[in-house]
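Beneath this line is the structure, given in structure tokens, with notes to follow.
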Amino acid sequence: MPPSLTARRLPAQGICTPVATAPADAVRHLAAMQAQDYHAALWAVGLRTEDATREQVEDAIARGEIVRTWPMRGTLHLLARDDVRWMVALLAPRVQAANAARIARDFGFDAPTLAHGRHVIEQALAGGAPMSRTALYARMEAAGIASNGQRGLHLLNWLAHESVICQGPRHGKQPTFVLLDAWIPAASSLMRDEALHRLALRYLQGHGPATVDDLAWWSGLTRKDARQALQSAASTLEQDTHDGVTWWWRPDAPAASRSRAVHLLPAFDEYLIGYRDRTPVLDAAQTRRIFSVNGLVAPTVIIEGRVAAAWKRGAAGGDEVVLDPLRALDDVEHAGIRHAAQRWRRFLGDAD
């Protein structure tokens, strides 16, 4: 790998220096940010936004400037509003093709049942008011579509991949759902080649330098499509080959940063999850300390670009940072962690 890889990814990712003054612009910079852990995703945005607070990020979600939906890999992500339509159209069909036989076999969602479910959900949301998952499940049951055993979730997931619905503003601690056409302005569709070209540029903006395999992993596209995407943008990109692997980045990428600053990353952060190969930032022997067998990705402490510890919030939602170090930490590093934790607490609104 390039010797300055992490020093270049940290600024590209907006970690060592925030890349935006508004939460939606931070999300737009990354193209998409994994968000099945809602509160972790809020901090992922806040970390990359100058002087952001949790309230500001949630307000951007409530206004629809940031949208939480399933664009790729069957996983919830945050996207800027103007990126939802083209990214879902490009990336979701591959997820649907992989899942169609399974949800028909295991959950009874064949094509006629999915069409019936779509009609029911569209009618439920036609009035324009966001509805909770529980309320939508009740509409399904009333229409003769069982919602138990995760059937309701699979239907909503499928309809999000169909660009019928997306998540709307939160209601308390619960997500709501809205019709995509009511929540996001209409936009002209992109030809597939144009969408692949745009995807390569947008991915590298917030993730470069990266490889074909990294883009394929992150997007859920085939390696062939990922290669096509990068090749289509090759004239506007920089590249370098090390040990037979080609790394791509944008020429307008920020300069490398070799700062010793310490950063507290949330669970599922793009700095780890946005690449197939995590060894540039995490020793292979320590992988299971961060990536669990059941798919969870721990919050991490990053020092000089590499994972130095896992961390979690103290008991009962306190503002203490509890560490699980991957190596011995010196006094300067502990001081850096305390400083980073102070920024995290300011984001939460828990610090003076």
- Task: Calculate one ³J(HN,Hα) per residue across the stretch 321-338 by plugging θ = phi - 60° into the Karplus curve 6.51 cos²θ - 1.76 cosθ + 1.60, and present them in order as whole Hz with x for glycine and proline.
- Result: 9, 9, 9, 10, x, 8, 7, 5, 10, 8, 4, 5, 5, 4, 5, x, 5, 4
- Note on the structure: Computed ³J(HN,Hα) along the stretch 4-14: with the Karplus parameters 6.51/-1.76/1.60, θ = phi - 60°, integer Hz and x for glycine or proline, the list is 9, 4, 5, 5, 8, 6, 4, x, 4, 6, x
- Note on the structure: In Å, the Kirkwood hydrodynamic radius from C-alpha pairs for the stretch 288-339 sits at 11.9
- Task: Could you work out how far the C-alpha centroid of the stretch 266-298 sits from that of the stretch 95-136, in angstrom?
- Result: 32
- Query: Any idea how far apart THR17 and ALA146 come out in nm if each label point goes 7 Å out from Cα toward Cβ?
  - Reply: 5.8
- Item | Reported label for calculated percent of Cα pairs over 29 Å apart given (i) 39; (ii) 42; (iii) 57 | (ii)
- Query: Relative to the first principal axis of the alpha-carbon coordinates of the chain, what is the inclination of helix 223-232, with its axis defined by its Cα atoms, in degrees from 0 to 90 and to the nearest 10?
  - Reply: 70
- Item | Relative contact order [Cα under 8 Å, 6+ residues apart], the stretch 262-348, whole percent | 29
- Task: Can you work out the PRE-style zone for HIS242? Point 7 Å along Cα to Cβ, and I want the residues of the stretch 248-262 with backbone N under 20 Å.
- Result: 248-261
- Sticking with the crude label model, points 7 Å out along Cα→Cβ, report the distance from THR134 to VAL293 in nm, one decimal please. 3.5
- Message: Give me the one-decimal nm value for the distance between modelled label points at HIS171 and ARG63, 7 Å along each residue's Cα-to-Cβ direction.
- Response: 2.4
- If the chain between THR53 and ALA187 were fully stretched, how many nm would it gain, using 0.36 nm times the residue separation less the Cα-Cα distance? 45.2 nm
- Item | Part-to-part distance (alpha-carbon centres) for the stretch 143-205 and the stretch 319-348, which is given in Å | 36
- Query: Against the longest alpha carbon principal axis of the chain, how many degrees, from 0 to 90 and to the nearest 10, is the axis of helix 111-125 turned?
  - Reply: 80
- Task: Compute the length gained on full extension between HIS116 and ALA234: take 0.36 nm times their separation in residues and subtract their Cα-Cα distance, giving the result in nm to one decimal.
- Result: 38.0 nm
- For the stretch 82-97, 3J(HN,Hα) per residue [Karplus equation, 6.51 cos²θ - 1.76 cosθ + 1.60, θ = phi - 60°, Hz, x = Gly/Pro]: 6, 9, 5, 4, 6, 6, 5, 4, 7, 9, 5, x, 5, 5, 4, 4
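No value in this document is a laboratory result; all are computed from the given coordinates. All values derive from a computational prediction rather than experimental measurement. As a convention, Cβ positions derive from the backbone with ideal geometry for all residues, glycine included, and neighbour counts pool all protein chains shown.
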